[in-house]
Amino acid sequence: MAHPSQLGFQDAASPVMEELLHFHDHALMIVFLISTLVLYIIVAMVSTSLTNKYILDSQEIEIIWTILPAVVLVLIALPSLRILYLMDENNDPHLTIKAMRHQWYWSYEYTDYEELGFDSYMIPTQDLTPGQFRLLETDHRMVVPSESPVRVLVTAEDVLHSWAVPALGVKMDAVPGRLNQTAFIASRPGVFYGQCSEICGANHSFMPIVVEAVPLEHFENWSSSMLEDV
């Protein structure tokens, strides 16, 4: 969960998000080194009137400043492509959930069960209980087993939306007439919050997503109780 004045990302709750955080730190250090070098060159040029005639026309330095940026781009591109392929991996999911977006709520269908599905609405501010977060809590959470691959099929009924949970490293567009899929593994039990990340209308900021990861035994008890209620 993000908190006020937080400078970094949320704590990673999935292996993919851990990789994304490592890549962010890797790229940030490269940008920091480049910025430091450029700043040093600017200060040196402004603060001195001396001129080196071997730098004014030098084939060696032109070769260096041509090859060096290419090497830097490769150092950034290779781990980026690796994570991109990891995010697309969707091998043998243990659970499949269909998330359909309406204005202004989400509907979830557990496709591995016959009649397990529900609508998830944001809880109004006046109905919140102590400890709940304003504009982020829903009346029904999407419950998933922790440490298990979960596939989410995302679509929309009306306009463009986006199903996003930052702590899990998941963001998938919900497009009317199209079924997109994403996958994640919650590495630990917990409650993870997200919001629609597409500017989809007047109530765009009132469409929260709440994913609750629980141990497998608790998930089985929850699904059984939900099916009994149905």
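Rounded to two decimals, the Cα-based Rg/Rh of the chain, with Kirkwood Rh, is 1.15.
Once C-alpha pairs closer than 8 Å and six or more residues apart are averaged by separation and normalised to the residue number of the chain, the relative contact order reads 20 percent.
Around SER14, what is the net charge, scoring Lys/Arg as +1 and Asp/Glu as -1 over all other residues with Cβ under 13 Å from its Cβ? Show your work: numbers first, answer last.
Details: positive: LYS171, ARG188; negative: ASP11, GLU18, GLU19, GLU89, GLU147.
Residues near SER14 contribute -3 overall.
Under 5 Å between amide H atoms, partner at least 5 residues away or on a different chain: which partners does THR138 have, H built in plane at 1.01 Å? For THR138, whose amide H was placed from the backbone, the distant partners under 5 Å are ILE123. Helical runs assigned H by DSSP (4 residues or longer) give the chain a calculated mean residue ellipticity at 222 nm of -12000 deg cm²/dmol, each run adding -39500 (n - 2.57) before division by the residue total. Across segment 51-67, computed HN-Hα scalar couplings (Karplus, 6.51 cos²θ - 1.76 cosθ + 1.60, θ = phi - 60°) run 10, 9, 5, 7, 8, 4, 9, 9, 5, 5, 5, 5, 5, 5, 7, 8, 6 Hz from first to last residue, x flagging Gly and Pro.
Which of the trypsin sites (Lys or Arg not before Pro) found in segment 53-160 are loop residues per DSSP with 16 or fewer other Cβ atoms within 10 Å of their Cβ? In loop regions of segment 53-160 (DSSP not H, G, I, E or B), the sparsely surrounded trypsin sites (Lys or Arg not before Pro) are ARG134. When GluC sites (Glu not before Pro) are flagged only if DSSP places them in a loop and at most 14 other Cβ atoms lie within 10 Å, the longest unflagged stretch of the chain comes out as 1-88.
Calculated over segment 95-229, the projected area of the Cα convex hull averaged across directions stands at 8.0 nm². Take each peptide in 180-190, 30-40, count the other Cβ atoms within 10 Å of every residue, and average; sorted highest first, the result is 180-190, 30-40. When the chain is treated as a GNM with alpha-carbon contacts under 10 Å, the residue of GLN132, GLN59, GLN195 showing the greatest mean-square fluctuation is GLN59. Over all other residues within a Cβ to Cβ distance under 10 Å of ASP139, the charged ones net out to -2, with Lys and Arg as +1 and Asp and Glu as -1.
Read-outs: derived from the displayed coordinates by stated rules, not from any lab. As the structure is a prediction and not an experimental result, all values here were calculated from the model. Methodologically, a virtual Cβ is constructed for each residue, glycine included, from the backbone with ideal geometry; neighbour enumeration extends over all protein chains shown.
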